[in-house]
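The values are calculated or read from the model by the stated rules, or taken from the named source; none is laboratory data. Since the structure is predicted, the reported quantities are computational estimates derived from the model, not experimental observations. All Cβ positions, glycine included, derive from the backbone under ideal geometry; neighbour counts span all protein chains shown. Calculation scope for accessible area: heavy atoms of the full protein, side chains included, ligands and nucleic acids excluded. Shrake-Rupley method; radii C 1.70, N 1.55, O 1.52, S 1.80 Å.
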Amino acid sequence: MSVALELLAPAKNLEIGIAAIDHGADAVYIGAERFGARSSAGNSLSDISRLCDYAHAYKAKVYVTVNTILYDEELKATEELINQLYHIGVDAILVQDMAILKMKLPPLTLHASTQADCRTLDKVCWLGESGFSRVVLARELSLNEIAKIHNEVPDVELEVFVHGALCVSFSGLCNASEYCFSRSANKGMCAQFCRLKFDLEDAKGRMLVKGKHLLSLKDMCRIDMMEALALSGVTSFKIEGRLKDISYVKNVTAAYSKELNKVVEKHPDLFYRSSLGKCSYRFKADLGKTFNRGFTPYFPSERKSDITSFDTPKAIGKKIGEVKEVKKTSFTIKTKERLSNGDGLCFINDFRELEGFRVNRVESGEVFPLNMPKDLLSGTILYRNSDQAFQKTLSLKSSERKIPLKMVFSENADGIELIAKIDNIVEASVEKRLDKTPAEKPQKEIILRQLSRLGNTPYKLETLEVNFLDYDLFIPSSTIAQMKRELIEKIKEITKKSLSRTLEKEKKILEAPKTWPKELSYLYNVSNALSKEFYKERGLDDVLDAFEKQRPRKKLLMQCSHCILYSLGCCLKDKEKPLKAQFPLYLKLFSGQRFKLEFDCKKCQMNVYAE
């Protein structure tokens with residue numbers, strides 16, 4: 001049996017959600033007014049309802065993020081919100097807080113957010129048996145780990161991130177923003193602690209690294225791994241970016257949709273796309289032309305050192321060439337790219353910092369910056385992080401998505417019938433009684449012209465078969481138009497009904513896996529009475545409050561697969577490259593705050609503690 005593959009795109013708002021569908025997304029995820037892990041990307045129920053109507057015509061889905069931890073005073077409002085989301089047609093909700101499984105809710109499909117720390121087989125199995133039909137896996141898992149989870153728990157859908165910003169800590173386990181700035185990442189208010197500049201010191205205060213973004217990672221890009229991920233058991237390929245603009249969503253969605261189509265074309269017996277329609281693009285997708293800090297596949301097979309962005313947390317963009325000659329107010333560049341007035345260019349200067357500038361004008365291959373950068377030298381590698389021509393193209397209508405219809409127009413005993421089919425998936429028909437009168441001229445071209453005019457609908461006419469019994473019937477144009485309208489509405493309704501959005505898994509009261517501790521520390525993010533009750537029913541009596549509800553003495557702020565020492569080329573496992581330093585090591589902020597580093601080499605994990 002073939003498996004449906006889904007490209008899942010982010011939507012900051014209704015406009016971007018529609019653009020994601022138009023550019024090839026099979027589903028979008030969006031935040032409601034409250035309780036989403038991006039607090040500044042909220043949307044009204046009215047807008048989410050409109051997005052559902054638009055998406056469902058393509059058999060695409062809409063998921064809403066309800067993935068913050070919840071306080072007791074928020075439980076009632078959360079329950080009301082989820083009930084409202086169900087009634088406006090949302091297909092699933094993403095959840096972190098287990099209190100939601102104790103609420104009185106309609107049978108809405110539940111997805112376990114990556115904020116629920118989904119990185120072990122035990123956890124995925126337990127979440128699946130607790131009622132979640134899908135689990136969003138931790139970004140740190142390898143292909144082998146994903147495949148093992150799928151083979152052991154094949155009835156749980158696996159969703160993975162394939163593109164976008166990387167959190168350096170395991171998702172749901174970062175308390176640095178709350179500790180330093182009283183802005184909880186688990187409440188959707190992350191202050192980007194990991195993008196700050198740090199010094200690295202040893203126990204004696206000796207400076208090992210000065211002023212680098214030591215926790216900042218490059219952005220994930222797994223576009224070359226879509227086939228491998230699908231064969232490992234992944235069914236949903238997620239693009240990060242609910243705070244990103246519309247051009248980012250258009251470009252990245254188009255690029256990954258094309259790649260996912262290649263996977264389906266290569267393995268037609270194994271996979272198919274979960275939604276309907278084909279996209280016609282008016283631009284060439286290029287991942288380097290929208291926001292990125294440089295790219296890394298992260299940890300698909302083995303640990304890599306080149307996953308970091310130590311020099312800058314900002315967008316570096318796409319490498320375009322090398323500076324040939326620098327003059328007083330201009331320079332020339334060796335490049336195959338065409339530059340435009342207003343382009344943003346940047347480079348890494350001698351201080352290993354990102355330096356950017358704006359192009360004022362380009363004349364005969366000579367570039368005149370708005371302000372000539374002082375540190376620009378001959379031989380400098382240049383990057384473009386803002387492509388004006390590309391942005392202008394994306395600001396216009398850049399894609400059209402249409403569902404091919406096969407129509408049959410036939411005469412029957414009482415009149416006429418119009419049938420429409422979509423790939424043998426959806427079929428609808430409309431019949432009309434008609435006084436049969438011979439036509440004065442052939443009707444097929446007239447019918448074809450009328451039925452081809454599908455306007456702003458999601459459909460286009462692919463083939464038309466006209467079957468009359470003895471002679472051409474005269475059919476008023478108004479009758480054809482009315483039948484066409486009725487047929488389109490029927491197709492939309494049948495397509496919508498074909499979407500399964502109800503909870504298929506029965507919630508069970510299961511004991512916690514044996515690998516779980518009997519005492520749940522603050523790292524389990526338990527922040528309300530319902531969540532405590534949920535865990536106690538599973539034999540976990542000692543449930544401690546979340547970090548946000550207490551100030552634990554030993555403040556573990558981050559757990560990271562990224563290891564600073566490994567990225568610096570001095571892994572502690574490598575005895576040939578010993579680090580001349582007194583342990584423990586510390587990260588130090590400009591404010592003077594220090595954070596102790598713990599290197600768990602057995603797990604290949606780095607932990608960050610508040611001093």
* Structure fact -> When the range 45-77 is checked residue by residue, the ones that are at negative phi, open to solvent by 40 Å² or more (accessible area, probe 1.4 Å) and touching a residue at least 12 places away in the same chain (Cβ under 8 Å) are Leu45, Asp47, Arg50, Asp53, Tyr54, Lys61, Tyr71, Asp72
* To do: State whether the residues of the range 530-548 include one that is in contact (Cβ under 8 Å) with a residue 40 or more places away in the chain, open to solvent by 60 Å² or more (accessible area, probe 1.4 Å) and touching a helix residue (DSSP H, G or I) at 6+ places or on another chain (Cβ under 9 Å).
  => yes
* Asked: In this structure, does Asn175 turn out to be touching a residue at least 40 places away in the same chain (Cβ under 8 Å) and surrounded by fewer than 17 Cβ atoms within 10 Å (Cβ to Cβ)?
  -> no
* Could you tell me whether Thr312 is in a loop (DSSP other than H, G, I, E, B), among the β-branched types (Val, Ile, Thr) and open to solvent by less than 20 Å² (accessible area, probe 1.4 Å)? => yes
* Confirm whether Thr437 is open to solvent by 40 Å² or more (accessible area, probe 1.4 Å) and farther than 16 Å from Leu339 by Cβ. => yes
* Asked: Out of curiosity, is Lys336 surrounded by fewer than 16 Cβ atoms within 10 Å (Cβ to Cβ), under 13 Å from Leu382 (Cα atoms) and at pLDDT 95 or above?
  -> no
* Test Ile480 against the stated conditions and say whether it is open to solvent by less than 40 Å² (accessible area, probe 1.4 Å), over 21 Å from Ile100 (Cα atoms) and in a loop (DSSP other than H, G, I, E, B). => no
* Asked: Quick one: would you say Arg352 is within 30 Å of Ser216 (Cα to Cα), part of a strand (DSSP E or B) and open to solvent by 70 Å² or more (accessible area, probe 1.4 Å)?
  -> no
* Structure fact -> Checked Lys392, Lys374 against criteria (in a loop (DSSP other than H, G, I, E, B), under 30 Å from Lys334 (Cβ atoms) and open to solvent by 60 Å² or more (accessible area, probe 1.4 Å)); the one match is Lys374
* Does Leu464 fit the bill of being surrounded by fewer than 18 Cβ atoms within 10 Å (Cβ to Cβ), out of contact with any Phe, Trp or Tyr (no Cβ under 6 Å at 6 or more places or on another chain) and either of a type in the set (A, V, I, L, M, F, W, C) or under 30 Å from Gln559 (Cα atoms) (or both)? -> yes
* Which residues, taken from the range 524-551, are touching a Leu at 6+ places or on another chain (Cβ under 7 Å) and closer than 18 Å to Tyr71 by Cβ? -> Val526, Ser527, Asn528, Leu530, Phe534, Tyr535, Val543, Leu544
* Asked: In the range 458-477, is there at least one residue being outside any loop (DSSP other than H, G, I, E, B), modelled with pLDDT under 85 and either closer than 30 Å to Ser275 by Cα or in contact with a Lys or Arg (Cβ under 7 Å, 6 or more places away or on another chain) (or both)?
  -> yes
